[in-house]
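Read the structure below first, then the notes.
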Amino acid sequence: MRIGVLRVQGAFAEHEALLRGVGVEVVPVRLPEHLDGLAGLVLPGGESTTMRKLIDRWGLRAPILELARAGAPVLGTCAGMILLAQDIVDGDEPVFPLLDISVKRNAFGRQLDSFEADLDVSVLGDTPVHAIFIRAPVVERSGDEVDVLARLEDGSVVAVRQRNVIATAFHPELSGEVRFHRLLTTMAGAYEEPAEGSGRRPHPTRRGLEASR
Ligand code: GLN
């Protein structure tokens, strides 16, 4: 199974190491052709303004949207969550408007620039998730289609899932928390082997490439 990690800027190396640890082939994504045949994609943390510029400069916006809309699972962490939001509070236009959420960037203010917390994430089992937040966003609003996966003690929403897209405001890859990546690979397995009669067709990019061979 091949899982891509967006490698334009930010904390991609830790995601790549974690994914290798769960036994998948990691594909660093810098160009549109690197997306071909992927079973899933990780959008790491970093600086979302810089990432947005590089995504557009390297022509990655449309093909990543296409891959996600075809049903490939996507995991976004921190800046990755910002890239996946339909609405960025007082901010720029969305990049990949796949999650019906409003996110506020750098939501925890200067004194809380970074902090750690243990979170209950019931979809991942009973053991709490040790979460590291670094200049993290928060989900201020989430639509009906969005499952809230985790909240801070004060109720702030910090992890969500909508269909094939998962996003966390924190960095699971920095605390060695592997269960989000395992969930991604489980979803990627289901994407690669759709149920009989589901009517899913091969990914359009793949079909296009096959036709051009
Ligand atoms: N503060 C960053 C942003 O707004 C996100 C921080 C992170 O990814 N660690 O893009």
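The values are calculated or read from the model by the stated rules, or taken from the named source; none is laboratory data. The structure displayed is predicted, hence computed values, not measured ones. Counting neighbours? That spans all protein chains shown, and the Cβs are built from the backbone with ideal geometry, glycine included. All accessible areas refer to the heavy atoms of the entire protein, side chains included, with ligands and DNA or RNA removed. Shrake-Rupley method; radii C 1.70, N 1.55, O 1.52, S 1.80 Å.
At-a-glance table
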| quantity | calculated |
| --- | --- |
| Residue 104 accessible area, 1.4 Å probe, all protein chains in place, Å² to nearest 10 | 80 |
| Whole-percent carbon and sulfur share, accessible surface of the chain, 1.4 Å | 46 |
| DSSP H segments from the chain that extend 15 Å or more along their own axis, Cα-based, with Kyte-Doolittle mean of 1.6 or above | none |
| Choice from 190, 159, 39 showing the highest fluctuation, given a GNM over the chain with Cα pairs closer than 10 Å | 190 |
| Rounded accessible area per residue of the chain, 1.4 Å, Å² | 47 |
| Selected from 108, 170, 133 as most flexible by GNM, with the chain as the system and alpha-carbon contacts under 10 Å | 108 |
| Residue 152 accessible area, assembled protein chains, probe 1.4 Å, Å² | 20 |
| Percent of C-alpha pairs per 5 Å bin, the chain, short to long | 1, 7, 16, 21, 21, 17, 10, 4, 2, 1, 0, 0 |
| Listed residues 90, 154, 126, most fluctuating in the chain (Gaussian network, C-alpha, under 10 Å) | 154 |
| Rounded D (µm²/s) - region 1-56, Kirkwood Rh over Cα pairs, Stokes-Einstein at 20 °C, 1.002 mPa s | 189 |
| √(5λ) per eigenvalue of the Cα gyration tensor, region 1-123, largest first, Å | 23, 19, 14 |
| Protection-proxy order for peptides 180-186, 70-76, each taking the mean of Cβ atoms within 10 Å per residue, highest first | 70-76, 180-186 |
